[in-house]
Amino acid sequence: MIIIGERINGMFKDIAKAIRDKDSAVIQDWARKQEQNGARYLDINVGPGAADPVAAMKWLVEVTQEVTDLPLCLDSTKYDAIEAGLKICKRPAMINSVPAEAPKMERVFSMAAEYGAEVICLAMNEEGIPKDAESRVALAMELVATADAFGVPIDSLYIDPLVLPCNVAQDHGPEVLETLRQIKLISDPPPKTVVGLSNVSQGTKNRELINRTFAVMAMANGLDAAIADACDDELMAAVATARILLNMDIYCDSYIDVFKKG
Amino acid sequence: MGLTGLEIYKHLPKTNCKECGAPTCLAFAMALASGKASLDACPYVSEEAKAALDSAAAPPIKLVKLGAGEHQLELGDETELFRHDKRFFHPTGVAVLISDTEDAAAKASAFDELEFDRVGLHYVTDVVAVKCDSGDGAKFKAAVEAVAAKTAKAMILLCEDPALLEGALNAVADRKPLLYAATADNYEKMVELAKAKGCPLAVRGKNLDELAELVEKIVALGYKELVLDSGARDTSKVLADLTQIRRLAVRKRFRPFGYPTIAFATKEDPLEEVVQAGVYLSKYASIVVLKAAKKEQLLPLLTWRQNLFTDPQKPIAVEPKLYAVGEVNENSPVYCTTNFSLTYFIVEGEVENSRIPSYILSVDTGGISVLTAYADNKFTGEIIAKAMKDADLDSKVKHRKIVIPGYVAVLKGALEEASGWEVMVGPREASGIPKFAKENFA
Amino acid sequence: MAVEILKEKYRSKVGEVVLGATKEQGGTRSHTITVGGESALPFLHFEGAIPNRPVIALEIYDMVPEDWHPCLEKYYGDVYADPAAWAKKCVDEYGADLVQVRLRSADPDVKDSSPEDCAATVKKVLEAVGVPLIVIGCGKAEKDNLIYPVVAEAAAGENLLLGVAELENYKAITSACMAHQHNIIAQSPIDINICKQLNILIAEMSTAMAGRIVIDPTIAALGYGIEYTYSIMERARIGALQGDKMLAMPMIGNIGHEVWRTKEANTSTEEAPGWGEQEERAILWEATTAMAYLQAGMDILVMRHPRAAALIRKNIDELMQDNSY
Ligand code: SF4
C-alpha cells in the first residue's frame, strides 16, 4: 500500500493562509516533508474557502511541482479546477474523485482518458453511501464498467469504498473491509482501492491509533492506497511493517527507512 | 482465480430484469464472481457464458500424458511462472532425436543407457524422438520399430505426412507416442489419427497467432490431448514464445495456450545444443528435443532439471550416514553436520579442499540446516551420539575426536557426555574448514 | 486469431554500473563496460530494455594455482606464473570482456604476500590489458582489509570492481572504494534479506556508492544448491523491477570458482565412466551453471574454462537478439 500525503489541503489553516498570501514556502515545505517521510503521491486540495478555486489549484500545482517529482492527486469537487490542474501537471496525475453518477462519470472519465490520469472512484451515488458490502461493490462495478467504456484502463482506477467515523458508524467497518476484498474480483487486472484514512477516526480520541490499526486491517484485505498523514511516523512504520508481513517488500533490517525512501 | 465480475457481466443480457433476485445484472455478476450465486438463477444467460464459466474452473494448463506404463510421463499442469512462488510440478521431458536416416537401433541402445546416479539420485533421459527424414514410409516404420525394440521409454514420432505416420504408428500405438505435428495443412487427418489411437498430438503454428487459431480448430474437432509448438526456432524467440504461452495460460486463463509445450534445440554443435536446450528447460518447455546423446552432454542438463524442479519449500536432504571424503583410514578426522543437502555439500567441498581425507557424519535432521535444526531440537548431543553409534564410528577410527559446527559450540558438553568422545568445536563457516584442518590435523 | 501479448509493466529498472575508465576519464583502460540497466526480466526484449549485454570475465590468480584441474593446463599452463601474461591471454586469445584477479597469494595460509605486492600485481595486469578489471581479495577478512586501501590507491582512477564487502566486514572496502572511486562487490550468503541490508549499509556510508554496487548473491554450482541462488536472484530482480531500489543493482557470480570445486568437473573419465568424458563434462557443467544464472539475471559471469566461456558468449549473442512482437 502507498500513502497519498493529505497535508496540502485548504482545510488546514496554514494552507488556506498560504493560498491567500501566495506564500509558496509553506506549501513547498509540506511537499518536501511528506515526500521525505514516504508519501508516494501528494493530495492537492484548495479547500472550501478559496475565492477562485481554478486559480488556486493552478498555483498549488505549480509551486508543489517546483520542489517534488511526486505525482499529484488533484482533489476537488469542481471539475474545472481539476482540469486546470491536469493541464499543467508534469506527470500523470490522479483525479480525486468521482461518484457513481452518470453525468459526473462522463465528465471525469473523458477527462481521465484525455490526460492519462488515474481516478479515485467513490462507491456512492445520488442516494448516498450504501451500508452493505454488496451494494458498495455493485457501485464499484458500475464505475469500472463505465470507465472501461470510456477507455480508461481499469488498473488506473482507485475505488474508495468510503470509510465512516467509527464512533458514529461502527457497523460500516466490516462492510468496508469486505468491500475491499470483493473489489479484487471485479476484473483482471482488478481496479485498485483507496481510503481516506483519517475519516475512520474523525471525532474520536486516539485518532492515530485508530488510523494505523485500520490501515493494517485494510491492507490485509487488499488496500492499495490511503490518503493519510505521511508525517505520522507511527502510521508509516505500521504500514512499512504490514508490507513486510504481507510479503509485498523483501525484508531487511532497515525496512522502515527503505519504505520511506521508496 | 475464477471469472471476474466484469467478464461475467459481459455475458449477461444487461436487462436488469431482477428475476435472479439481484437488483441489477451488475450485482448478479459480482455475486457470481464471489461465489454467492449460481449461474442457473438467471434464466437468460447464454450457452457461451455457461461454457466460459465451466472452463474457468479447469486448471490453467492441462495435464497431458505421454507414453504408457511405467515410462509414462506427465506433462503440463503447471500453475506458476517462478518456482519461488510455489514450485514447478512436472519436470521437463528430455528427448533425444533419432533420424530414420541414421542407425536408429544403435542410437536407441545408446539412448537407453542415458541414466545417471549422482548424490543418491537417479536421473533418466525419458523420451526418444524418431524423425522421418527419409520421406519413405517403410524406412520410417522400420526405424520406429527398431527404436521401440531397444528402449521401453516414451516416444515421439515426427512425421507430418499423416499417411506415412499412420504406418509407423500402427507398430507402436500401444506405446501412446506423441504425434508431431498437426499444422494448418494436415490437422484434420492428424486429429483423426490421434483420436483413433488415443495418442497426444503436438500442434505447430507459424507463430503464436496461428498456433492459437489452430488449437481452437482442433478443440472444436473434439480433441484436447495437445502439446504446443509456436514454430519459433531462434533461441531468443523461443524464450519469448514459451514465456508468453505460460503467462497467458496461467495469468489470463487463455484457453488455447492451456497445454504443455515442446521446444527443439537446433544447434549443430552438441555442446551449444545442450546450452540452448537448457534455456528452454529453464523457461517453461514441457519437452525439449535435442540430438546430443553423450553421457557428458546429458548429465549437466538432467542435473539442472532435477535442481529446477525441486520443491523450494521442502529442504532437500542427503542420506544421513557416514561419508568418506578421500582415502580415509583409521586416523582420519571426523566432522559432523546435518543432512540438509546444501549444508552437507558445502562442508564436503571444504573438507575436500582441506586435502586431508576425512569422514563426515551427516546427521538426520529432516533435511534442515545446522542452526534451524539446533533450534528445533533436531541436532542435539544425544541425537548426534546416536548417529555416531548407528554409523559404527567406534570401529571406523581409532581416535575418539569429533568436530562439530562452530555455530553449535554449546553442544560440546552434552555430546561429550552422551558419546564419551572428545568434541572439537570447528569453524562457524564451512570456509574455515581448510584452515582448521591444517591447524589440527595436518 | 490475434493473441494479446502479455507485457509486464514494471515501475523501475536495474541501475547501471560503469566499469573501468579511459584516459579521458582518468584511467588507462582502452574502453569501459557498462552493466545492468535492465527494465525487463532476462532477455524479454518484448517488454522492456536490456541495454547492456551480460559480460564474461575470465578469472586469474596472482600466483600459480595449486589446485586447478590438469585439463586447464593446455590453456593457461604457460602463463600461470605470470599474471600479466595470463590476463593478456584471457583477453587476446579467449575473448574475455573483463579479467578478474584473485589475490590468492595474500592468504596468510598460502604465501601471505604483502598489500604492496598485491598492488604491484594489479598494476602489472592493468598495464598488460585494456579491459576493465575485477579484483578480489584472498577471502580472509583481516588480511583483505589491509589490502583494499593499498590496491584501491595504486589503481586510483581505473574504476575497478573491487570485492568483496560482507555484512560483517564492509567498512574497510567501502572506504577504500569511496576514497579512490572504485565499484564494489557486495556479497551476501545466499540470503536476500542480508543482500538488501548490506546494500543499505554501504549506501549509508556514501550515497554515491549506492550507484556503484554490484551484488554477489553467493552462487552455488549446478547440482550443489544452484536452485537456491537462482530463486534468490529471480526474486531480487523482480523486486528491483517493481521498485525496490536496494536490490536494483547488477549481479555477479564466481561461476568458474564454484564449478571447478565439484566432483562432476574434476572426476576423471576412468573413475566415473557413467558420467562420460571429464573435460567436456566439466565444460558443460560450467556452461550449464552459467546458462541458468543468465536466465536468473546475472550481469557479470566470472568463468574459468575458455570453451565454457565461448559457449556462453554464443548463448548471450543469441539471447540478445530482439524478440519483440
Ligand atoms: S436474471 Fe439475468 S438478466 Fe435478469 S437481472 Fe438477473 S442477471 Fe440480469
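The values are calculated or read from the model by the stated rules, or taken from the named source; none is laboratory data. Every value quoted in this text rests on a predicted model; they were computed, and no experiment measured them. In this analysis, Cβ positions are derived from the backbone assuming ideal geometry, glycine residues included, and neighbour counts consider all displayed protein chains. All accessible areas refer to the heavy atoms of the entire protein, side chains included, with ligands and DNA or RNA removed. Shrake-Rupley method; radii C 1.70, N 1.55, O 1.52, S 1.80 Å.
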Task: When residues of the stretch B:355-373 are limited to those that are over 16 Å from B:I316 (Cβ atoms) and open to solvent by 20 Å² or more (accessible area, probe 1.4 Å), the one nearest to the other protein chains (Cβ to nearest Cβ) - done: B:R355
Open item on the list: Against the condition more than 8 Å from the ligand (Cβ to nearest atom), part of a helix (DSSP H, G or I) and within 12 Å of another protein chain (Cβ to nearest Cβ), how does B:E48 come out, does it pass?
Closed with: no
Open item on the list: If B:A163 satisfies all but one of (1) more than 14 Å from chain C (Cβ to nearest Cβ); (2) within 21 Å of B:P260 (Cβ to Cβ); (3) surrounded by fewer than 22 Cβ atoms within 10 Å (Cβ to Cβ), what's the number of the condition it fails?
Closed with: (2)
- [ ] For the stretch B:172-192, name all the residues that are open to solvent by less than 20 Å² (accessible area, probe 1.4 Å) and either within 14 Å of chain C (Cβ to nearest Cβ) or under 20 Å from B:K62 (Cβ atoms) (or both).
- [x] B:P177, B:L178, B:L179, B:Y180, B:A181, B:A182, B:M190, B:V191
- [ ] May I ask you to list the residues in the stretch B:271-301 that are farther than 19 Å from C:E318 by Cβ and more than 7 Å from chain C (Cβ to nearest Cβ)?
- [x] B:S286, B:I287, B:A293, B:L298
- [ ] Answer yes or no: is there a residue in the stretch A:62-82 that is under 30 Å from B:F28 (Cα atoms) and charged (D, E, K, R).
- [x] no
Open item on the list: Looking at the stretch B:20-36 only, could you name the residues that are in a loop (DSSP other than H, G, I, E, B) and either more than 9 Å from the ligand (Cβ to nearest atom) or in contact (Cβ under 8 Å) with a residue 60 or more places away in the chain (or both)?
Closed with: B:S34, B:G35, B:K36
TODO: Considering only the stretch C:257-282, state which residues are part of a loop (DSSP other than H, G, I, E, B) and open to solvent by 20 Å² or more (accessible area, probe 1.4 Å).
DONE: C:R261, C:T267, C:S268, C:T269, C:E270, C:E271, C:E277
Open item on the list: I'm trying to understand the selection: among the residues of the stretch B:329-344, which are among the hydrophobic types (A, V, I, L, M, F, W, C) and either more than 14 Å from every other protein chain (Cβ to nearest Cβ) or open to solvent by 20 Å² or more (accessible area, probe 1.4 Å) (or both)?
Closed with: B:V334, B:C336, B:F340
TODO: Output yes when any residue across the stretch B:46-65 is touching a Phe, Trp or Tyr at 6+ places or on another chain (Cβ under 6 Å), closer than 30 Å to C:G276 by Cα and either touching a residue at least 24 places away in the same chain (Cβ under 8 Å) or open to solvent by less than 70 Å² (accessible area, probe 1.4 Å) (or both), and no when none is.
DONE: no
TODO: Return yes when C:A221 is out of contact with any Pro (no Cβ under 9 Å at 6 or more places or on another chain), open to solvent by less than 50 Å² (accessible area, probe 1.4 Å) and either assigned to a loop (DSSP other than H, G, I, E, B) or more than 14 Å from chain A (Cβ to nearest Cβ) (or both) and no when it is not.
DONE: yes
Open item on the list: Condition first: loosely packed, with under 13 Cβ neighbours inside 10 Å and closer than 15 Å to B:T4 by Cβ. Now tell me which residues in the stretch B:35-45 satisfy that.
Closed with: B:G35, B:K36
Task: Whichever residue in the stretch B:1-19 is within 9 Å of the ligand (Cβ to nearest atom) and of a type in the set (K, R) and, among such residues, is most open to solvent (accessible area, probe 1.4 Å) - done: B:K18
Open item on the list: On the basis of being more than 14 Å from the ligand (Cβ to nearest atom), out of contact with any strand residue (DSSP E or B) (no Cβ under 8 Å at 6 or more places or on another chain) and either farther than 14 Å from A:M141 by Cβ or among the β-branched types (V, I, T) (or both), does B:A41 make the cut?
Closed with: no
Task: Some residue of the stretch C:114-123 being in contact with a helix residue (DSSP H, G or I) (Cβ under 7 Å, 6 or more places away or on another chain), touching a residue at least 12 places away in the same chain (Cβ under 8 Å) and open to solvent by 40 Å² or more (accessible area, probe 1.4 Å) - done: yes
Open item on the list: So, B:A240, is that one within 9 Å of another protein chain (Cβ to nearest Cβ) and at pLDDT 95 or above or not?
Closed with: yes
